[in-house]
């Protein structure tokens, strides 16, 4: 608990500091490799910050992580290998896209399950209601209704609009 | 002396809120007009006393009375008056006082403008508003006293967080709170309907103006927040799926669903129970939004423990409001009759789909926001849920809502065919397809998904315009006749048109600015230049200067085509000594085609400054769209308010005429 305040302070400072994240000095010479690095960075979270990617943050740790990504890319890793390498060091917490594993199954399935349930519930409600509705008029009934309506156009005496 | 008056006024407001809760309820049960009338009096008196308290705090900030603790920790004599005043709500205690003030404002408007609401209903609405007031006033008085004194008083205060010293963020919280707290009226109307055992079209007519008002404010508040993030945080983003942002998005989504279902209730007396349920849940989410931001629970579960008293108190309020509301709903909702039948392809059917999708989208944001917390509590590995998650879940859920919102308004109530609805959208479809094709060609077919997004946006905009076109028989009737029809159209129709048009604009802006943004980070020193987005960008100078309470490094960048300077950008870095904080002030040149954005970074060891440049095509459409959506809501609101008063007057006349 004692550790928390400094961490919060750091986070607040990071939020406040001019967030010029990727520094020119960090960038790779090869534009294709740099583009891949940027792409990977956008999916990795700076672990000491509030919901910032390592690309956006200028916390020292984010700086280290950015360099790490570029180091691995220079060493010839594939994107997947780079991410695996970072996850091995910092845990699943760095992944802004949560992995598909038993404790996140619920997270991934929930949106679609909820939609299916919502649709089912609402439409069954509609069905029940339209079943409860009276059947449409028969031809004979419609003729009689028309007759009534035409008669109603000449209001009987004493029922003027009040 | 003034802080004590404020504190005393708060205590009086609490007493009045208690009476405002109890008396009108008894009055409504016994049909006692005098007891019911206390609802009106109480609501207005509560506004007066909370207003006095808020004024006292504001005065303390204005005169920099550092013997008041929140002033000492959140203000500084060097701040300009406007930010000393904005500091009133730039802290926990003050912002909760603002919350209560807005609650009182809404209560008083129900009392003053809601004259046409049946008296028992109004009494119950005001009693519920009173009860919410009791909870939050108690929270203020017992856990977050804004008038706590310091002895000895410091000579100087700590200053307002520099990030908050900005017009965007000074006005963002009041707008957001007007939205959050505005939904308390929806909640109160729902509770009153459940107590009354009656919810019909008239209820919807009375409740909808307040729901609309809340929605308009929330829309504006969220837009201001994202605009602020865009130019103040300095890396050119406007939405981060941050828990705090999600907390405001959730009630907005549910409020949007509520707006639409209340419309069905008003026109067709269907969706009655569903509308009441949404009213309760939307306010719950507003409370959750308040809770999330105020307790700090989402930074980490552990942050919650830093100040558990407040967190537990808000959690308790949340539990009582949501639990109580839902319990009442479970007990009473079945007594409410459900409305007219309709087939699946109909205006009602389309709105069911709209509601199902929006509610699911909201649930997705909810789960995405709170799942990491749950995982952490269960003690497994910590996980993060960020933008890539929402891109895979939220976006596909919202896409059909966007595609369908063009079709829904074209369908008839009760029963229609899809072909019938689509037939009215011929030229909207052509416009959409053309726009998609053009953007595909212009961008060299690199981003087909974005082209689809643009097609969708134009389809929505064209469809909203064609709502009016159809109604005023443009091209079919003589020009004068069309004009006459256009002037005679109810404001609520224009409300729908503008709100949907705004969504189209917003979507186009989001898609274009995300898919076709250009960025360049480089280091420059005065005299040096580089190429960016077709411009020659030259750093002309970097100068230092001082503002009222900060030191600034200000750079001037010229953007030119060839010889002619097209425009200058002046990104700044500011250092606020009283808080020892650095902020960026990005400089943005904005027009309908694109935003050109520059931010200034640190000076490197080589003496050069880091400069970050962005070009965001159509970015201004995001906020323009939000503003037009809000305008649409406001139009519907004014139209609805008028029909609420006239319709009730009419039904009162009818009732008087038919009664023996």
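The values are calculated or read from the model by the stated rules, or taken from the named source; none is laboratory data. This is a predicted model, so every value here is computed, not measured. Because the Cβ atoms are built from the backbone with ideal geometry, glycine has one as well, and the counts that use them run over all protein chains shown.
Across segment B:4-34, the number of residues qualifying as more than 32 Å from the chain's Cα centre (by Cα), in a helix (DSSP H, G or I) and more than 25 Å from residue B:145 (Cβ to Cβ) comes to 8.
Got at least one residue in segment A:23-39 being modelled with pLDDT under 80, assigned to a loop (DSSP other than H, G, I, E, B) and under 23 Å from residue B:521 (Cα atoms)? Yes, some residue in segment A:23-39 is modelled with pLDDT under 80, assigned to a loop (DSSP other than H, G, I, E, B) and under 23 Å from residue B:521 (Cα atoms).
So which of B:147, B:61, B:139 ends up being touching a helix residue (DSSP H, G or I) at 6+ places or on another chain (Cβ under 8 Å), buried (at least 19 other Cβ atoms within 10 Å of the Cβ), in a loop (DSSP other than H, G, I, E, B) and outside the structural domain of residue B:549 (by TED's automatic domain parsing)? Selected residue: B:147, the only one of B:147, B:61, B:139 that is touching a helix residue (DSSP H, G or I) at 6+ places or on another chain (Cβ under 8 Å), buried (at least 19 other Cβ atoms within 10 Å of the Cβ), in a loop (DSSP other than H, G, I, E, B) and outside the structural domain of residue B:549 (by TED's automatic domain parsing). In the set (1) more than 26 Å from residue B:638 (Cβ to Cβ); (2) in contact with a helix residue (DSSP H, G or I) (Cβ under 9 Å, 6 or more places away or on another chain), the condition left unmet by residue B:181 is number (1). Going through segment B:354-374 one residue at a time, which ones are more than 9 Å from chain A (Cβ to nearest Cβ) and either under 16 Å from residue B:255 (Cβ atoms) or not in a helix (DSSP H, G or I) (or both)? Across segment B:354-374, the qualifying residues are B:354, B:358, B:362, B:365, B:366. In segment B:105-114 there is at least one residue that is touching a residue at least 40 places away in the same chain (Cβ under 8 Å), part of a loop (DSSP other than H, G, I, E, B) and over 16 Å from residue B:19 (Cβ atoms).
With respect to the conditions (1) within 14 Å of chain A (Cβ to nearest Cβ); (2) surrounded by fewer than 24 Cβ atoms within 10 Å (Cβ to Cβ), residue B:165 lacks only one, and its number is (2). Within segment B:320-339, restricting attention to residues that are over 30 Å from residue B:135 (Cα atoms) and surrounded by 15 or more Cβ atoms within 10 Å (Cβ to Cβ), the residue that is nearest to the other protein chains (Cβ to nearest Cβ) is B:338.
Residues that are surrounded by fewer than 24 Cβ atoms within 10 Å (Cβ to Cβ), in a helix (DSSP H, G or I) and modelled with pLDDT of 90 or more: does segment B:175-191 have at least one? Within segment B:175-191 (the criterion being surrounded by fewer than 24 Cβ atoms within 10 Å (Cβ to Cβ), in a helix (DSSP H, G or I) and modelled with pLDDT of 90 or more), the answer is yes, since at least one residue qualifies. Number of residues in segment B:32-57 that are buried (at least 20 other Cβ atoms within 10 Å of the Cβ), without any contact (Cβ under 8 Å) to a residue 60 or more places away in the chain and more than 15 Å from residue B:12 (Cα to Cα): the value is 1. Pull up segment A:40-77, narrow it to residues that are free of Cβ contacts under 8 Å to residues at least 24 places away in the same chain and in a helix (DSSP H, G or I), then point me to the one that is surrounded by the most Cβ atoms within 10 Å (Cβ to Cβ). Residue satisfying both the conditions and the ranking: A:72. At least 2 residues being within 30 Å of residue B:237 (Cα to Cα), at pLDDT 90 or above and more than 14 Å from chain A (Cβ to nearest Cβ) is the threshold, and among the helices (runs of 4 or more DSSP H) wholly inside segment B:375-480 those reaching it are B:387-407, B:426-442, B:448-471.
For every residue, the table says whether it meets (1) in a strand (DSSP E or B); (2) free of Cβ contacts under 8 Å to residues at least 12 places away in the same chain; (3) more than 10 Å from chain A (Cβ to nearest Cβ).
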position	(1), (2), (3)
B:549	no, no, yes
B:554	yes, no, yes
B:558	yes, no, yes
B:566	yes, no, yes
B:583	yes, no, no
B:588	yes, no, yes
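Condition check: modelled with pLDDT of 90 or more, loosely packed, with under 14 Cβ neighbours inside 10 Å and within 30 Å of residue A:47 (Cβ to Cβ). Does residue A:80 satisfy that? Answer is yes for this residue. Residue by residue through segment B:73-82, note down the ones that are part of a helix (DSSP H, G or I) and surrounded by 23 or more Cβ atoms within 10 Å (Cβ to Cβ). Listed by number, the list holds a single entry, B:74. So in segment B:523-537, with the set limited to residues that are more than 36 Å from the chain's Cα centre (by Cα) and part of a strand (DSSP E or B), which one is nearest to the other protein chains (Cβ to nearest Cβ)? Here the answer is B:523.
Which residue, of B:455, B:435, B:451, B:512, is buried (at least 18 other Cβ atoms within 10 Å of the Cβ) and touching a strand residue (DSSP E or B) at 6+ places or on another chain (Cβ under 9 Å)? Quick ask: steps written out before the conclusion?
On the way: B:455 fails: touching a strand residue (DSSP E or B) at 6+ places or on another chain (Cβ under 9 Å); B:435 fails: touching a strand residue (DSSP E or B) at 6+ places or on another chain (Cβ under 9 Å); B:451 fails: touching a strand residue (DSSP E or B) at 6+ places or on another chain (Cβ under 9 Å).
Answer to the check: B:512.
Within segment B:325-353, the set of residues being in a loop (DSSP other than H, G, I, E, B) and modelled with pLDDT of 85 or more comprises B:345, B:346. Exactly one residue out of B:100, B:50, B:68 is outside the structural domain of residue B:289 (by TED's automatic domain parsing) and in contact with a strand residue (DSSP E or B) (Cβ under 7 Å, 6 or more places away or on another chain), and it is B:68. Among the residues in segment B:249-262, are any on the phi > 0 side of the Ramachandran plot and either outside the structural domain of residue B:582 (by TED's automatic domain parsing) or at pLDDT 85 or above (or both)? The answer is no; no qualifying residue exists. Every test in (1) more than 24 Å from residue B:612 (Cβ to Cβ); (2) within 13 Å of chain B (Cβ to nearest Cβ) is passed by residue A:89 save one, and that test is (2).
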